[in-house]
Amino acid sequence: MTEKQEQNWIDDARRGDQEAFAQLVQLYEKRVYALTLRMCKNPADAEEAAQEAFLAAWQGLAFFRGESSFSTWLYRLASNACVDLLRREGRHRSAAGPSLNDEEAAIDVADDAPSPHALAERAELRQQIEAGLAALPEEYRQVLILREMHQQTYDEIAEILSLDLGTVKSRISRGRKRLRKILLDSGNFSAFPASKQAEKEGCK
């Protein structure tokens with residue numbers, strides 16, 4: 001699938017072509033569900049939020065002007081759907097997955113052929129980070145999920161969550177520090193390994 005093909009689907013869907021929109025749903029449904037699952041944690045809630053996001057996308061496509069990428073716009077709808085769902089139900093959900101740090105990193109999960117022992121350690125590490133993320137306030141969980149699990153840029157996160165860029169950077173920094181402190185205080189980690197991603201990010 002090329003960017004041109006995706007743009008053609010977007011243009012056709014904006015004109016009411018349901019088949020073109022179905023192609024966009026097929027293209028993004030796994031990524032949107034992955035995002036909603038990490039924000040809601042409960043699979044049923046995640047599925048409901050994902051469905052609401054796609055419904056909002058279909059209803060709002062006529063107003064989509066392409067000022068941001070389609071994926072960024074869709075992620076914003078999914079994030080809003082999760083927030084609305086959690087507020088309606090009065091629940092607090094946790095989010096799974098590793099979190100990196102600009103100065104000190106968490107994990108680099110890429111591994112060509114991990115051993116069973118390495119896989120077990122990785123699973124344990126993921127569980128520990130899940131517990132740490134569960135203890136974070138929602139505003140910190142949101143930005144960490146989008147940054148670390150979905151590789152969104154700071155500008156994209158600001159767009160998705162309708163926040164100032166400075167607020168995004170501040171929340172990511174504070175969220176990472178809080179997560180480190182939670183994990184260190186719990187005795188799960190004595191230190192974090194060096195981050196390749198942090199080297200790339202620099203002072204962004």
Test each condition in (1) open to solvent by 50 Å² or more (accessible area, probe 1.4 Å); (2) part of a loop (DSSP other than H, G, I, E, B) for TRP58 and report the one that comes out false.
(2)
Which pairs have Cβ atoms under 7 Å, sit 6 or more apart or on different chains, and link a residue in the range 150-174 that is aromatic (Phe, Trp, Tyr) to one that is surrounded by fewer than 17 Cβ atoms within 10 Å (Cβ to Cβ)?
TYR154/LEU165; TYR154/LYS204
Condition broken by ARG14, with the remaining ones in (1) farther than 23 Å from ILE145 by Cβ; (2) free of Cβ contacts under 8 Å to residues at least 12 places away in the same chain; (3) of a type in the set (Lys, Arg) satisfied:
(2)
Might you check whether a residue that is open to solvent by 10 Å² or more (accessible area, probe 1.4 Å), in a helix (DSSP H, G or I) and at pLDDT 90 or above occurs anywhere in the range 87-99?
no
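Inside the range 16-32, can you point out the residues that are part of a helix (DSSP H, G or I) and either open to solvent by less than 80 Å² (accessible area, probe 1.4 Å) or modelled with pLDDT under 90 (or both)?
If we filter the range 16-32 for residues that are part of a helix (DSSP H, G or I), which is where we start, we get 18-32.
Of everything in the range 16-32, those that are part of a helix (DSSP H, G or I) and either open to solvent by less than 80 Å² (accessible area, probe 1.4 Å) or modelled with pLDDT under 90 (or both) turn out to be ALA20, PHE21, ALA22, GLN23, LEU24, VAL25, LEU27, TYR28, VAL32.
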May I ask you to list the residues in the range 157-204 that are in a loop (DSSP other than H, G, I, E, B), at pLDDT 55 or above and under 22 Å from SER71 (Cα atoms)?
SER162, LEU163, ASP164
Evaluate the following for GLU139: is it modelled with pLDDT of 80 or more, closer than 19 Å to LYS41 by Cβ and part of a helix (DSSP H, G or I)?
yes
Quick check on my filter: what residues within the range 2-15 are open to solvent by 60 Å² or more (accessible area, probe 1.4 Å) and of a type in the set (D, E, K, R)?
GLU3, LYS4, ARG14, ARG15
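The values are calculated or read from the model by the stated rules, or taken from the named source; none is laboratory data. Just so we're clear, the structure is a prediction, and the values are computed from it rather than from any experiment. Here Cβ is always computed from backbone atoms with ideal geometry, including for glycine, and neighbour counts include all displayed protein chains. Calculation scope for accessible area: heavy atoms of the full protein, side chains included, ligands and nucleic acids excluded. Shrake-Rupley method; radii C 1.70, N 1.55, O 1.52, S 1.80 Å.
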